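This report concerns only the one structure given below.
Each reported figure results from applying straightforward, stated rules to the coordinates on display, with no laboratory input. Since this is a predicted model, take the numbers as computed values, not measurements. Cβ placement follows ideal geometry from the backbone for every residue including glycine, while neighbour counts extend to all protein chains displayed.
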Amino acid sequence: MSQEIGIEQLSVFVENKRGKLVGVTEVLGAAGVDLRALSIADTADYGVLRVIVDKPDAALSALTDAGYVVKKNRVLPVSVSDEPGALAKALRVLADAGADVEYLYAFVAHGENRAYVILRVDDNAAAAAVLGKSGIAVATDGELRLSR
């Protein structure tokens, strides 16, 4: 069986009320889980907090035990140069290959001149392959400092 492409992301459904987001971060902190990247999208009633953490299984367990609704899925971490146009190049490669990007969020690693983009695509393996052929790297756990 081949290794799955991508990294684990947790999507946490959070009520859109004052103080609810802090509850999620407190649960993660108490469980010894370190946040690496996050994004939140909200509506009038709830938000979806998407997080990349160093210990996804511990985070999932802690959040579920605390009563949160959590979904775990795999996303594609892409490493691009930290310069103008680098993200556009990666997205063009995917668009030209017919890949469907549902959403993305980005962060810059300290001291590395790299930016990391978390992509939710329809097929991680196909997207990784087409990006690789264009010289655009899929990031490793070590680069994202997910492993300790």
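Using a cut-off of 13 Å between beta-carbons, work out the net charge of the residues near Asp42 (Lys and Arg +1, Asp and Glu -1, Asp42 not included).
On the way: positive: Lys17, Arg18, Lys20, Arg50; negative: Glu15, Asp45.
Net local charge, Asp42 excluded: +2.
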Query raised in the report: What nm distance separates the two modelled labels at Ala41 and Asp82, each placed 7 Å from Cα along Cα→Cβ?
Result: 2.7
Report summary line: Per the helix-only model, the chain has a calculated mean residue ellipticity at 222 nm (DSSP H runs of ≥4, -39500 (n - 2.57) each, divided over all residues, rounded to the nearest 500) of -9000 deg cm²/dmol
Query - Cα-based helix-to-principal-axis angle, 56-65 vs the chain, degrees rounded to 10 - result: 30
Report summary line: Both in Å, the radius of gyration and Dmax of the C-alpha trace of the chain are 15.9, 46
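Let me confirm the definition first: pairs of Lys residues in the chain, 8 or more apart or on different chains, C-alpha distance under 23 Å. How many are there?
Close lysine pairs under the 23 Å cut-off: 7.
Computed FRET efficiency, Cβ-Cβ of Ser61 and Ala126, R0 22 Å: what is it to the nearest 0.05?
It comes out at approximately 0.10.
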Report summary line: Checking rank on 132-139, 65-72, with mean other Cβ inside 10 Å and highest first, the result is 132-139, 65-72
Query raised in the report: What angle do you read, to the nearest 10 degrees and between 0 and 90, between the alpha-carbon axis of helix 20-30 and the longest principal axis of the chain?
Result: 80
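Could you put Arg114, Arg18, Arg145 in order, starting from the residue whose Cβ has the fewest other Cβ atoms within 10 Å? Mind showing how you got there, number by number?
Details: Arg114 15, Arg18 7, Arg145 12.
Taking fewest neighbouring Cβ atoms as first place, the list is Arg18, Arg145, Arg114.
For the chain, what relative contact order do you get, as a whole percent, if you take Cα pairs closer than 8 Å and at least 6 residues apart?
On the way: 251 pairs, mean separation 38.0, N = 148.
Value for the chain: 26 percent.
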Query raised in the report: Which value, in debye to the nearest 20, gives the size of the charge dipole of the chain about its Cα centre, when Lys and Arg are +1 and Asp and Glu are -1 at the Cβ?
Result: 120
Report summary line: region 1-33 and region 47-70 have their Cα centres apart by a whole-number Å value of 3
